[in-house]
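Here, each number is a calculation from the coordinates, and none is a lab measurement. Bear in mind that the values here come from a model prediction, so they are computed numbers and not experimental data. Backbone-built Cβ (ideal geometry, glycine too); neighbour counts: all protein chains shown.
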Amino acid sequence: MTNDTARPSAGDPILVMQDVVQEFAVRRRGAGRGAKVSAVANVSIQVARGEALAIVGETGSGKTTLARTILGAPPPKSGRIVVDGHDVSGRRRSAARERGKRVQMIFQDPMSALDPTWSVERIVGEPLTTVGGMDRDARRRRIAEVLDRVGLSASRYGNRRPHELSGGQAQRIAIARALVGRPALVICDEPVTALDASSQAQVVALLAELKREFGLTYLFIAHDLAVVQQLADRVATMYLGKICETAPTEALFSSPTHPYTAALLSAIPSFEPNERPRLRLLGEPPSPISPPSGCRFRTRCAFAQDVCAEVEPKLREVAPGHEVACHFPLTNGRAASYQPAEQAAAAESDAA
Amino acid sequence: MSLQDSNTFVSADTRVVESEASRWASRSRGRVLADGLRRTGRSFRRAAIIVPAAILFVIALVCFAGPAVLGLPAPATGNLADYLLPIGSPGHPLGTNALGNDMLSQLLVGGQVSILVGVGATAIGLVVGVAIGMIAGYYQRVVGTVLMRVLDVIFAFPDIILALAIAAYLGPSVVNTIWAIGFFSIAGFGRIARAQTLRITNFDYVVAARASGRSAWKILLGHIWPNIAGPVLAYALIAVGYAMMAEAALSFLGLGVPIPTPSWGNIIAGSQGFITLAPQLILMPALAMFATIASMNLLSDALQARRPS
């Protein structure tokens, strides 16, 4: 249970997701029967040790489903999820136990994440009792210590119930619970969305501090791009269940290459007018029950051409560590529309 | 963000030794338990809960301790010559029935039997029904569907007819009455437990516990039961009242508690022939039953309105 054992060097992947697919059956009578919502479609991502990967995207893009799939709630329809060298994608309880030791999640709504009938002490200690193998005194010491780390005193808060906590305190308790078992991977599902502005800032600072101090690995789901900029080392944008672009945070914010990323970023209010070309997304995302052919973003893309409907763009590297799934990636905010469609298709088939 | 940093987590162990947190960490088990009890106790301190609970307590106390304390005659050892004495007769404060049995004794001992049947039958329904309902709500795919269809079958029977059939098959006795009434109360508990379980399993704390490989029974007993106990116990109080009425109905029809053992139901049944001559014989057990069941329903309402501890 200690960290004394030699761990592989930084940079080795803690989370590896390979072609993960998550679908939900839509039970309907008649014509639509057997239809499926494709919530996560062939997503492959890696998160290195000590890295914070943020996943951003609109509501309904499958971010939260992706996070819950890692938790096995429910397990993926296909594909592999490996955490710290252990496959956790199975439905069996043994997979869940491996997951319990290595993955913890911080949920969006702390009030739903804390059992109202449990004391703070019991809540924070739950991952330890689930894994077992720790006596009561050691457990209580660890709980006191981790509560101290999130800035709450064990003697004042240990006996409280969740309804006696403020939103910010409750989220700190949720963070303490996530960290108490020293997991390899911490999934944060919009950890500050449900909090007021001042608690948001505190919780973000706390998450950043804990990451620095303990070398935590985060998978960070967010739609607040300011928070992402503060916490993430790398960002992946997701649209309708697919990864559009992954890049180091700075690179992504300074030069987005996927039109969807650019549109997301241009939604950030700027102090300098006309700094970036304004890209507006029209309408709503198409239904994930029947996603568009080819590129899923093409129906709302300003740069879409015929090839986008026919060939699905694969993720390819445009700069070191910067991957994009687009036939016409942007350079400096402008589309590479000079490239004829046939050529792009040819390049695509070459790549495949 | 080097790897060495992650060892601060271990060294924090030593840092915390002198702090107040370590004193907290070494609190005795007794203190922890007392703390919890005090918290729970506080949430019950309100008139809407205390008043009906006190009434129920007094009724139960009088029924169970009364006959011995007051030195009452056994309920079925009356003198036929003293038949139908009015209320306030010397030696028989509530009079006698047609067979000369002391009514106060009949009422109190009958109360024991009625309460026993009501609580016993509800206990059976609660334990079996809640177990089925929680499992059905937790394993929603196959197990849950099958269990709920089984409960639907029980639910589809008119319950008093079902109880009649069971009671007629088993023969009239106190224990058989408990089984008969208990059996048909299973479905109600199963329904409410499943509905509440479905609500709780969607909370993130259950999702997290499940994802971490916490065992199903630990989740069911640790997370789900404490969170559904309120509504389920509130329903149980109503179910006790309902079971007492069912007992009265069965006894009235001669399939419940057999004479000479009195129960509120069979006192009413046995006295119906004298409704014009001595209406108090029917009114007294009916009032006792009304007071008990009304208090239980009030208590049930108040408990449901209570904020979670």
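Roughly what angle does helix A:136-149 make with the longest principal axis of chain A, taking Cα atoms, 0 to 90 degrees, to the nearest 10? Tilt of helix A:136-149: around 50 degrees. Placing a label point 7 Å from the Cα of residue A:319 along the Cα-to-Cβ direction, the residues of region A:230-270 whose backbone N falls under 11 Å from that point are A:247-257. A Förster radius of 41 Å, combined with the Cβ-Cβ distance separating residue A:254 from residue B:216, puts the computed FRET efficiency at roughly 0.25. Note on residue B:290 and residue B:160: the model spin-label points, each 7 Å out from Cα along the C-beta direction, lie 1.8 nm apart. Springs join every pair of Cα atoms under 10 Å in this Gaussian network model of chain A, and among A:148, A:233, A:137 the largest mean-square fluctuation is at A:137.
Stokes-Einstein at 25 °C, 0.890 mPa s, Kirkwood radius from Cα pairs: D for region A:13-232 in µm² s⁻¹?
Working: Rh = 18.1 Å.
Estimated via Stokes-Einstein, D reaches 136 µm²/s.
Whole Å is fine, so just give me how far the alpha carbon centre of region B:110-159 lies from that of region B:250-309. Computed from Cα coordinates, the inter-centre distance equals 23 Å.
Given in Å, the Rg to one decimal and the Dmax to the nearest whole number for the Cα atoms of region B:129-226 are 16.3, 51. Subtracting the Cα-Cα distance of residue A:331 and residue A:12 from 0.36 nm times their residue separation leaves 111.8 nm of extension gain. For the pairs A:77/B:218; A:36/B:218; A:77/A:314, flag any whose C-alpha to C-alpha distance is greater than 30 Å. Going by Cα-Cα distance, A:36/B:218 fall outside the 30 Å limit.
Sorting A:130, A:246, B:40, B:177 from the fewest to the most surrounding beta carbons within 10 angstrom yields B:40, A:130, A:246, B:177. Cβ-to-Cβ counts within 10 Å put A:115, A:135, A:87 in ascending order as A:135, A:87, A:115, the fewest first. Calculated FRET efficiency, residue B:195 to residue A:230, Cβ-Cβ distance, R0 = 35 Å: about 0.25 to the nearest 0.05. Electrostatic bookkeeping for residue A:235 treats Lys and Arg as +1 and Asp and Glu as -1; over the other residues with beta carbon under 14 Å from its beta carbon, the sum is -4.
Taking other Cβ within 10 Å of each residue's Cβ, how do B:203, B:252, B:290 sort, fewest first? Please list the in-between numbers first.
On the way: B:203 21, B:252 16, B:290 12.
With the sparsest Cβ surroundings first, the list reads B:290, B:252, B:203.
Placing pseudo-labels 7 Å out from each Cα toward the beta carbon at residue B:29 and residue B:173 gives an inter-label distance of 4.2 nm.
Taking the DSSP bridge list for the protein assembly as shown and keeping only pairs wholly inside it, about 65 percent are antiparallel.
With +1 on the Cβ of every Lys and Arg and -1 on the Cβ of every Asp and Glu, and nothing else charged, how large is the dipole of chain A about its Cα centre, in debye rounded to the nearest 20?
With Lys and Arg at +1 and Asp and Glu at -1, about 1400 debye.
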